[in-house]
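Notes to accompany the following structure.
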Amino acid sequence: MKKSQKDKTEEKSRPLFVISVVAEMFHIHPQTLRLYEREGLLHPQRVGRARLYSQDDLERLRMILELTKELGVNRAGVDIIMRMRHRLNALQHEMEEMMSFLERDIRDDFEERIRRMFFEEE
């Protein structure tokens, strides 16, 4: 059975990974993850005292590390870039919804014209 977009989104946001596993996966110190959380760059979910990271968090961390380690962007710059990226994604989603609305509107208008054209001739 094929997963819906909602299921995929929920799956990616499900907290699964503890801090030690994430630190090992990315070859960084757990304190680095705590620092990113303190500075608002990461938002792991809390279960009791444990931090749990989702697949979405890992993708965000991957982006943070690429910006800082590979491109030399400082943490303030990372914050700005991540916020801009979030806004861009929101605008893209809005644009897609508007295009869908326009496509439906144009399609409905076209179908109505076709109906009138065929039924007026009878």
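Computed from the coordinates by the stated procedures, all read-outs in this text should not be read as laboratory data. Predicted model only: the values in this text are computed from it and were never measured. As a convention, Cβ positions derive from the backbone with ideal geometry for all residues, glycine included, and neighbour counts pool all protein chains shown.
By the scheme Lys and Arg +1, Asp and Glu -1, what is the net charge of all other residues having a beta-carbon under 12 Å from that of LEU33?
The answer is 0.
Given a cut-off of under 8 Å on Cα pairs at least six residues apart, what relative contact order in percent is computed for the chain?
For the chain, the relative contact order is 20 percent.
Considering the options THR68, PRO30, GLY48, tell which one lies farthest towards the positive end of the dipole of the stretch 13-79, charges being +1 on Lys and Arg and -1 on Asp and Glu at the Cβ, about the Cα centre.
It is GLY48, whose Cα lies furthest towards the positive end.
By its C-alpha gyration tensor, with a ≥ b ≥ c as the square roots of the eigenvalues, how is the stretch 1-73 shaped: rounded for a/c under 1.5, else prolate for a/b larger than b/c, else oblate?
Oblate, since a/c reaches 1.5 and b/c is not below a/b.
Provide, in order from the shortest bin, the percent of all Cα-Cα pairs of the chain in each 5 Å bin, continuing until the bin that contains the maximum pair distance.
2, 9, 13, 16, 13, 11, 8, 6, 5, 4, 4, 3, 3, 2, 1, 0
What list do you get for HIS86, HIS27 if you sort them by fewest beta carbons within 10 Å?
HIS27, HIS86
Between ILE81 and LYS12, what is the label-to-label distance in nm when each label sits 7 Å out along the Cα-to-Cβ direction?
1.9 nm
Can you compute the charge dipole magnitude of the stretch 74-122 about its Cα centre, using +1 on each Lys and Arg Cβ and -1 on each Asp and Glu Cβ, nothing else charged? Give it in debye, rounded to the nearest 20.
700 debye
Rank the residues LEU91, LEU16, LEU67 as a footprinting-exposure proxy: fewest other Cβ atoms within 10 Å of their Cβ go first.
Final ranking by Cβ density, sparse to dense: LEU91, LEU16, LEU67.
What nm distance separates the two modelled labels at MET99 and GLU70, each placed 7 Å from Cα along Cα→Cβ?
That separation, rounded to one decimal, is 2.6 nm.
Placing +1 at every Lys and Arg Cβ and -1 at every Asp and Glu Cβ, with all other atoms neutral, what dipole size does the chain have around its Cα centre, in debye to the nearest 20?
Charge dipole, the chain, about its Cα centre: 1120 debye, nearest 20.
Net charge near GLU97: determine it from the other residues with C-beta under 13 Å of the C-beta of GLU97, scoring Lys and Arg +1 and Asp and Glu -1.
-3
If you average over every viewing direction, what projected area does the convex hull of the Cα atoms of the stretch 74-122 give, in nm²?
Dividing the Cα hull surface by four gives the mean projection, 3.0 nm².
Do the sum for the chain: with -39,500 (n - 2.57) for every DSSP H run of n ≥ 4, divided by all residues, what is the mean residue ellipticity at 222 nm, to the nearest 500 deg cm²/dmol?
Calculated at 222 nm, the ellipticity per residue is -22500 deg cm²/dmol.
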